[in-house]
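Since the structure comes first, as structure tokens, the remarks are kept for the end.
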Number of protein chains: 2
Amino acid sequence: QQTDVVVLTSEGPLEFLPGWLRPGAVVIDCGQHWGILGNRSSSSWPPCTPFHPPTPPPQNVVRSACRWLRQQRYRPWRLRSLTLQPLSPVPSDIEISRSQSPKAIELLAREVGLLPDEIEAHGKTKAKVRLSLLDRLKEQPDGKYVLVAGITPTPLGEGKSTVTVGLAQALTAHLKLNSFACLRQPSQGPTFGVKGGAAGGGYAQVIPMEEFNLHLTGDIHAITAANNLVAAAIDARVLHEATQSDKALYGRLVPTVNGLRKFSPIQTARLRKLGIDKTEPGALTPEEIRSFVRLDIDPSGITWQRVVDTNDRFLRKITIGQASTEKGQARQAQFDIAVASEVMAILALTDGLRDMKERFSRMVVGSSRTGRPVTAQDLVSVCVRVCARAFPLLVSNLYPQGTPVFVHAGPFANIAHGNSSVLADKLALKLVGEEGFVVTEAGFGADIGMEKFFNIKCRTSGLRPNVVVLVATVRALKMHGGGPKVAFFSRCSPWQNLQLVADGCSNLRKQIEIAQLFGVPVVVAVNVFRTDTEAEIDLVCRIARDSGASDAVACYHWSRGGRGCVELARAVRKAAQQPNHFRFLYDLQMPIVEKIRTIAQKVYGADDVEVSQEAQAKIDNYNEQGFGNLPICMAKTHLSLSHLPDWKGVPTGFLLPIRDVRASIGAGFIYPLVGTMSTMPGLPTRPCFYDMDLDPDTEQIAGLF
Amino acid sequence: QQTDVVVLTSEGPLEFLPGWLRPGAVVIDCGQHWGILGNRSSSSWPPCTPFHPPTPPPQNVVRSACRWLRQQRYRPWRLRSLTLQPLSPVPSDIEISRSQSPKAIELLAREVGLLPDEIEAHGKTKAKVRLSLLDRLKEQPDGKYVLVAGITPTPLGEGKSTVTVGLAQALTAHLKLNSFACLRQPSQGPTFGVKGGAAGGGYAQVIPMEEFNLHLTGDIHAITAANNLVAAAIDARVLHEATQSDKALYGRLVPTVNGLRKFSPIQTARLRKLGIDKTEPGALTPEEIRSFVRLDIDPSGITWQRVVDTNDRFLRKITIGQASTEKGQARQAQFDIAVASEVMAILALTDGLRDMKERFSRMVVGSSRTGRPVTAQDLVSVCVRVCARAFPLLVSNLYPQGTPVFVHAGPFANIAHGNSSVLADKLALKLVGEEGFVVTEAGFGADIGMEKFFNIKCRTSGLRPNVVVLVATVRALKMHGGGPKVAFFSRCSPWQNLQLVADGCSNLRKQIEIAQLFGVPVVVAVNVFRTDTEAEIDLVCRIARDSGASDAVACYHWSRGGRGCVELARAVRKAAQQPNHFRFLYDLQMPIVEKIRTIAQKVYGADDVEVSQEAQAKIDNYNEQGFGNLPICMAKTHLSLSHLPDWKGVPTGFLLPIRDVRASIGAGFIYPLVGTMSTMPGLPTRPCFYDMDLDPDTEQIAGLF
């Protein structure tokens, strides 16, 4: 710790926002003067000479301090933006991405008010943002918080990502309101499988899209590694306990090194949990040694699975431990897709390193032979492998206006909550300031992504949304109205059919009602396709307004960039000024089944739930273990409001079957499985990577879309 | 492509090295004048105005061009270095690492002659270096090339990494010779298992060591992902072929999209391989369709394995595909540790993106039911997932002199060649210049790592070594002389025993002889431990010199940093001036068994080899498939010159058993398995991660060593 430096101004109290001071800085009042107390080691402080109060500082020090403070003050961003001249027909996403040089990330960071030592650049277009920012800006009021959700989609998706990107472009570049888009990092499984990239599209995308769709800074890989370290530790421990005596185990777990024998922090924590308050390894009784060394994990009760970030269907059900070295400990297991890992869900829900560490240690990985939950805490410190990942990534710029985007975490949207990260949203809300906007996206239809956003993410973060943007397409509404199913490679129906559209709006109406259950104003965004007619769009907007939406507007961001979303931006700005009566749908103290029933009935429109015996037994078990007060994270198909993907529109008169119930204790939710949910997608006969190639001369990747 | 710019000097021919010009630049002679023809889009060109010859350019343009050229000229580095004041006793590695602020990577890059757009910074202490450098400096003569190898080690290792680091520190900071250390990126498996970190140690380490030992820029993760994408593609293809007709497969593999049907580049390559020169999907005959759509992979002939970067013993032998969705296609498989992937071996051996791409497509992943090799080319373009990884990482600084290190790739040292990357070595050899030194390390003892360095790596790269540094410790020599086995947690024997040392020097003598087989001068470096006596060290040095070493010196880098290696640096500089008669040990045209026998007899000292039937059958098969001319990569224990880890010293009179033979066709070698080789380490009862923890306030990681 270096000497603190006090800078006093002789010009009376300075007009500054305390929130802009860095962590550790203290504002002091010396008589009629104000001063700033900070630590000199910080590189962003103005250059100044150390001195001791009450001796006044030299005038030049005072002047440079004042100048520095003025520079730090919050103000509307002055983003250097480029003019957009969209081409018609719209070129491919990758052509659009490559036609634009991304803004240097240091410049973008400076423009949005980040200090140089708050970012860690990764290449020229990406930077991790340090969490110390939250502390520096803690007095800064949050901006407006906008959630982008959607109607029940077709398998192709209805464009929530492009609306998120387009809306942020319009707000920042056209309405000159500070705004951030917060996106999830896409899993490489679907990118290389059937879905393709997830960087938005057309003139509303994140660039450079190759990097967005490939490794970025390797967060998902680090999560994979952390997850699999826990898995390896579990099985190795089962083997070691099965083949060693208490004494041998204790000797190896607490070895004598250079004549010294002591407990590691993980072990001290375990002793505390067991109620043993000894610190001297030699002092434990044989019974204490036994309870200390034996986690006594029941191999059939291990719930922690290994993960890969590849669609690898052959790992859905496997038998592990078949080598002779594993001495007959073979057991059935499975791999999930990496983003389904609880480590990912925690990264997306945590609000800082301390909380993250606690959540990791709470993760339940299985149960002992006596039925007690076994936690990750007893095995391994996962956070070491993930810690660098806790910093959200200020990726790059929305084309072409050079506006900022955070990309951070990307939890699975059915067995997890499928929302972008709390940390990214919080950082963005501070950076945009009170008049600014943060646009964040929830996966799947509003019945799933939005419900989880409110009941899980907002409950955890304490953040309150101001507006919901509900994305709809004429294509999906026609399907809900009874039109043909939409599949990959099928083209939009080029004929006008107002009746189909009107009938399909039942789904839109229902999703608006769901948002209203939570007391948040809704703006409907119709993502316009080339084949849509004006009459169809007008019809959707009219029905939306009649159904209680604050407004409903057509969006042309894909073909026009931010300019195509200006009307939506205006509608969102207006809706954000409406009174907001946000409320949760259920109380955490309600019994688990009651919470599930509330979601099923009020959100999905089911008559009731039908809980299987297996599910009921698990629920009883969770209640017993003290996990009954967690929120619910439904694992349900996104292709219907019901549990059956083929039931379009607004299904009624059905019982929602709860096949099984599981828990992510570290992430902090119970997840009921509705119907069959695959946690490992497969590869199609012709996967996306058939079209991907690398040009060794230009280093460019072809075939990403 | 922007307008080219011509800058003419009116001062006559400029004295510059053409190698310093960037790719695409052309030097032209305009009458009695010289000029530079380049592309203006490059940011590193001097600012200049476009004009057309023969109009002469303005004087200021000429001046700035001349200045720029002078600046680009190669010269001895002027590294800003800090003074080292080593503490005694030597603090822990992590304390030493943290007590030093790493030099800003941009500064280090500039100091060693890198241009701003040749690096891509990752945070403040790491940067990827672009391969375009090789082209820019192609006319620059290479520096001297020094390999650090070792005697047959104890399980604790004898300090090759610290010698590599210490030697480069001494050369650069004390002898003022430009020099680079090239290290392998450590696998996280061992780091979290039993071995701990691999950043060197004491006052000869790479900082920041936390990053070095954890993700760095995620290269190993990307390799894991690429490897596993190939695996998923193989099994999915087997399933799809088993469950679909030719017509259905063809329809899905070459679908009609928006009315168009065409082959992807992967498919076009496959058609070429099949001798079908049609480009119109509709034109194929049913027979051609059948041969096109059916790779006809034999599930029992799949040799490609999945990998994880975790010591996960339960994945050594597994059964995959047991879910009902895989329709009875279950088969036995295994996971290897990530660094054992052929993708990693290729990354370490390739000399550029084009070569890497070709090697990836040559990788043999299994065989068809008719016995033909199936290559990765038919399945997936791996390079997309790895391409960003091809850039070596200029990591950070050697403590405390701030000298440069490349860290790139880290292939397994038994089933692969265990050497740092060709690309990193090549970049470093150009950067240090003719008088400079590049110090690179080979894994395991010299009988394995050095032999593979010469016969595989140098053969591939075309590079020729100038000096071998052979690292020995008194501890290991005592073991070879018949002293007690060395194990983890065992302390050095604190008594002097000259007889044990003298006897153990048999191993040292043999390893010197092995190096001499290749015609390269050897300098022996005795890595001194606190417990070694002067008499012991002198004895080792004397025996080494008597055995034909150019020199033998004691090294104190661990406790003194670069200063402790100055004598070694002088000896290396002197040896590098000796005449060098480098030769390979065997000719590639020799039969596979002959090549194996040559290594067994000349290097290991075996009487002969004993090839199992299984191995012989594989060899016959490889010969038939045209792979007989590849070099040999022996997979043998590193703990003995023989195949039995307990045979210390110089075993004689044994037959080397060749249990099995496999091939990495993309990497370009055949690897015989000698005895049992695990490709997946296990976790001990108390793994390293028991002592690792993250402090959420300081963000520091405890317990790495």
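Every read-out reported here was derived from the displayed coordinates using simple, explicitly stated rules and does not represent laboratory data. Since we're looking at a predicted model, the values are computed, not measured. Quick reminder, even Gly has a Cβ in these numbers, built from the backbone with ideal geometry, and neighbours come from all protein chains shown.
Structure notes:
- Per-residue Cβ neighbour rank within 10 angstrom, fewest leading, A:Ile318, B:Ile537: B:Ile537, A:Ile318
- Neighbour counts of C-beta atoms inside 10 Å place A:Val526, B:Val112, B:Val469, B:Val611 in the sequence B:Val112, B:Val611, B:Val469, A:Val526, starting with the fewest.
- Summed residue charge, Cβ within 9 Å of B:Gly202's Cβ, Lys/Arg positive, Asp/Glu negative: 0
- Normalised convex hull volume, region A:272-312, alpha-carbon set, Å³ per residue: 133 Å³
- Here is the list for region A:433-523: GluC sites (Glu not before Pro) lying in DSSP coil, each with at most 15 other C-beta atoms within 10 angstrom of its C-beta, are A:Glu434, A:Glu435.
- Pairwise FRET efficiency - B:Glu241 versus A:Asp587, Cβ, R0 = 45 Å, nearest 0.05: 0.25
- Cβ-derived FRET efficiency at R0 56 Å, B:Leu274 paired with A:Thr531, nearest 0.05: 0.90
- Ascending list, in nanometres, of distances separating the B:Arg252 label from those of the other copies (7 Å, Cα toward Cβ): 4.6
- Net charge of the neighbourhood of B:Leu429, taken over other residues with C-beta under 9 Å away and scored Lys/Arg +1, Asp/Glu -1, is +1.
- Neighbour net charge for B:Ile320 - beta-carbon separation under 10 angstrom, K R +1, D E -1: +2
- Taking label positions 7 Å along the Cα-Cβ direction at both A:Glu614 and A:Gln334, the computed distance is 0.9 nm, reported to one decimal.
- Considering only A:Gln577, A:Phe518, A:Asn623, and ranking their Cα positions along the charge dipole of region A:502-653 that arises from unit charges at the beta-carbon of Lys, Arg, Asp and Glu, the one farthest toward the positive end is A:Gln577.
- When the Cα gyration tensor is reduced to axis lengths a ≥ b ≥ c, the ratio a/c is 1.5 or higher for region B:221-356, and with a/b not above b/c it is classed as oblate.
- Selection from A:Ser341, A:Val238, A:Pro265 lying farthest towards where the dipole of region A:210-352 points positive, charges on Cβ: A:Val238
- Annotation note: trypsin sites (Lys or Arg not before Pro) in region B:498-542 located in DSSP loop regions with a Cβ neighbour count of at most 10 within 10 Å are B:Arg530.
- Interchain or long-range residues, amide H under 5 Å from B:Tyr145's placed H: B:Val438, B:Asn466, B:Val467
- At R0 = 25 Å, FRET efficiency that the Cβ-Cβ distance of A:Thr303 and A:Leu156 yields, to 0.05: 0.15
- Region A:286-335 shape via C-alpha gyration tensor axes, a/c threshold 1.5: prolate
- Alpha-carbon centroids, region B:410-456 and region A:414-484: separation in whole Å: 51 Å
- Gyration tensor (alpha-carbon) shape descriptor, region A:517-580, a/c threshold 1.5: oblate
- Once both labels are positioned 7 Å from their Cα atoms along Cα-to-Cβ, the gap between B:Asp695 and B:Leu87 label points is 1.4 nm.
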